[in-house]
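Following: one structure in structure tokens, then a few remarks.
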Protein chains: 2
Amino acid sequence: MWQLFQFPLCPFSRKVRLLLGEKGVGYDLVRESPWLRRDEFLDMNPAGQTPVVAGEGGITLIHSQAICEYFEETCPRPPMIVGSATERAEIRRLVALFDETVHNEVVAPLMSERMLKRIVLRTSPDAKALREAMKIANTHLDYVDWLLDHRRWLAGAVLSLADLAAAAQISVADYLGGIDWRGHERTKEWYAALKSRPSFRPLLSERMEIVTPPPHYDKVDF
Amino acid sequence: MWQLFQFPLCPFSRKVRLLLGEKGVGYDLVRESPWLRRDEFLDMNPAGQTPVVAGEGGITLIHSQAICEYFEETCPRPPMIVGSATERAEIRRLVALFDETVHNEVVAPLMSERMLKRIVLRTSPDAKALREAMKIANTHLDYVDWLLDHRRWLAGAVLSLADLAAAAQISVADYLGGIDWRGHERTKEWYAALKSRPSFRPLLSERMEIVTPPPHYDKVDF
């Protein structure tokens, strides 16, 4: 059985878990708090970040995109980086947009202000940084609305890793109260469809210690 | 012919150019300064970042890793994400380590302090931020030394995209005077071997306006 080192609000671990769920790959969760910089974890991943996936034959897979590409190659059904080379490039573009731009501009500041400051630093969040992150979140949701005006799923006609990467980042932002859903009906419908998938249900029921989500967080009809 | 939108010190464009060079794929360079946030460029790539590769059939490829995966799929010889699924995961882990961790901790601060502040903001660099970036660069070079004590190339026995991604980031840091090569003989040998490749030579001869590199920058024997 694979072991997945993660913590409940790690958006990159969520992306991997959604992929493994869609592909029906089983795994055990191992709780890892990367901010503690545990020696044994740093020996496994010098970058010090979750997720890490460890397997039976001594295999260690590191970095969410490397992990997703590995399972796409070794467990190709159902495909999640799907289509022609050009379509696959569009999926990977969107994955990177959410993993990097949306993460850095929205999810990372929310995690820093509303999670790390509470759990680790025991200080108050910076209201200005939170407002700025939520404002940027709104412009990214506008872009998702626009994509969904033109496509059934984010990258095209079928569900792909782009949807899973986007839902992973958005779900963490939503848990941390950083998403104002008003005016984003198309994105809300798309997110409700993802929330109701069996791959997503276990994630929505998990909680981070101390930090509680808003009441709508785990409801499919929100 | 492909068009590659980039500027001379964009490390991610350098990664793509090294890959295209190794695969013998031709392209024209188009100068793009992403900090100007040109409307036509933002229409092409909402993330506003270089590199973007545009092709004849209206194909637009965005994000360096999506571009590299595209050419790996469509021009498989010589392979640059090479080997078994596990070996390919190790290549992608290292690519991400250089594209994300090394970039964010070392190359991005150097570009901000020594390039953007000179060209765009016309202010002086922050000496403390520069010292910190160079200190972290040194610990990353220690890790490259360690990898090269165990492997001929960064990810294993053969040249791969991991070497190109690493060389791309290191070359920009070196141009900006951020690398102290003393004590890193193994990495220096590896980098000299890369510098002498035909894919690397054109990059080393290009210059960013105003910002000049140290004298050793383009010398294979440095």
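Condition check: modelled with pLDDT of 95 or more and within 21 Å of B:F98 (Cα to Cα). Does A:Q6 satisfy that? If you could, list the steps in order and put the result at the bottom.
Values: modelled with pLDDT of 95 or more: yes; within 21 Å of B:F98 (Cα to Cα): no.
Against the criterion (modelled with pLDDT of 95 or more and within 21 Å of B:F98 (Cα to Cα)), A:Q6 does not qualify.
Is it the case, given these coordinates, that A:G183 is open to solvent by less than 60 Å² (accessible area, probe 1.4 Å), assigned by TED's automatic domain parsing to the domain that holds A:H103 and in contact with a helix residue (DSSP H, G or I) (Cβ under 9 Å, 6 or more places away or on another chain)?
Working: open to solvent by less than 60 Å² (accessible area, probe 1.4 Å): no; assigned by TED's automatic domain parsing to the domain that holds A:H103: yes; in contact with a helix residue (DSSP H, G or I) (Cβ under 9 Å, 6 or more places away or on another chain): yes.
No.
In the stretch A:73-116, of all residues being within 14 Å of another protein chain (Cβ to nearest Cβ) and of a type in the set (D, E), the one that is farthest from B:L97 (Cα to Cα) corresponds to A:E87.
Would you confirm whether or not the stretch A:168-175 contains a residue that is in contact with a His (Cβ under 8 Å, 6 or more places away or on another chain) and of a type in the set (V, I, T)? No - not one qualifying residue is present in the stretch A:168-175.
Has the stretch A:197-213 got any residue that is among the hydroxyl-bearing types (S, T, Y), in a helix (DSSP H, G or I) and more than 21 Å from A:R31 (Cα to Cα)?
no
In the stretch A:24-36, the residues that are among the charged types (D, E, K, R) form Cβ pairs under 8 Å with partners that are modelled with pLDDT of 95 or more and open to solvent by 70 Å² or more (accessible area, probe 1.4 Å), at six or more places apart or across chains, as follows: A:D28/A:Q3; A:E32/A:R38.
Give the residues of the stretch A:191-207 that are touching a residue at least 12 places away in the same chain (Cβ under 8 Å) and open to solvent by 10 Å² or more (accessible area, probe 1.4 Å), sorted by residue number.
Filtering the stretch A:191-207 for residues touching a residue at least 12 places away in the same chain (Cβ under 8 Å) gives A:191-192, A:194-200, A:202-207.
Result: A:A192, A:S196, A:R197, A:P198, A:S199, A:P202, A:S205, A:E206, A:R207.
Number of residues in the stretch B:125-156 that are in contact with a Lys or Arg (Cβ under 7 Å, 6 or more places away or on another chain) and either at pLDDT below 95 or of a type outside the set (D, E) (or both) equals 2. Taken together, the residues in the stretch B:163-180 that are part of a loop (DSSP other than H, G, I, E, B), surrounded by 24 or more Cβ atoms within 10 Å (Cβ to Cβ) and of a type in the set (D, E, K, R) amount to 0.
Return a yes/no flag: does the stretch B:82-89 have any residue that is crowded, with 17+ Cβ neighbours inside 10 Å, within 20 Å of the chain's Cα centre (by Cα) and without any contact (Cβ under 8 Å) to a residue 40 or more places away in the chain. Within the stretch B:82-89 (the criterion being crowded, with 17+ Cβ neighbours inside 10 Å, within 20 Å of the chain's Cα centre (by Cα) and without any contact (Cβ under 8 Å) to a residue 40 or more places away in the chain), the answer is yes, since at least one residue qualifies. Mind listing whichever residues of the stretch B:143-162 are in a helix (DSSP H, G or I) and open to solvent by 10 Å² or more (accessible area, probe 1.4 Å)? Within the stretch B:143-162, B:Y143, B:D145, B:W146, B:D149, B:H150 qualify.
For the stretch B:1-40, a residue qualifies if it is surrounded by fewer than 18 Cβ atoms within 10 Å (Cβ to Cβ) and small (G, A, S), and the qualifying residues are B:G24, B:G26, B:S33. The residue that is surrounded by the fewest Cβ atoms within 10 Å (Cβ to Cβ), counting only those in the stretch A:41-69 that are in contact (Cβ under 8 Å) with a residue 40 or more places away in the chain and more than 11 Å from every other protein chain (Cβ to nearest Cβ), is A:E56.
Looking only at the stretch B:70-81, decide whether some residue is touching a Phe, Trp or Tyr at 6+ places or on another chain (Cβ under 9 Å) and modelled with pLDDT of 95 or more.
Of the stretch B:70-81, the ones touching a Phe, Trp or Tyr at 6+ places or on another chain (Cβ under 9 Å) are B:80.
Narrowing further to those that are modelled with pLDDT of 95 or more: B:80.
Within the stretch B:70-81 (the criterion being touching a Phe, Trp or Tyr at 6+ places or on another chain (Cβ under 9 Å) and modelled with pLDDT of 95 or more), the answer is yes, since at least one residue qualifies.
Within the bounds of the stretch A:132-142, is there any residue that is open to solvent by less than 30 Å² (accessible area, probe 1.4 Å), farther than 25 Å from A:T86 by Cα and not in a loop (DSSP other than H, G, I, E, B)? Checked the stretch A:132-142: at least one residue is open to solvent by less than 30 Å² (accessible area, probe 1.4 Å), farther than 25 Å from A:T86 by Cα and not in a loop (DSSP other than H, G, I, E, B). Restricting attention to the stretch A:148-186, the residues that are touching a residue at least 12 places away in the same chain (Cβ under 8 Å) and more than 22 Å from A:P215 (Cβ to Cβ) total 16.
The values are calculated or read from the model by the stated rules, or taken from the named source; none is laboratory data. Predicted model, so just to flag it, every value in this text is computed and none were measured. Glycine also receives a Cβ, built like all others from the backbone with ideal geometry; neighbour counts cover every protein chain displayed. Protein only, heavy atoms only, side chains kept; ligands, DNA and RNA dropped before computing areas. Shrake-Rupley method; radii C 1.70, N 1.55, O 1.52, S 1.80 Å.
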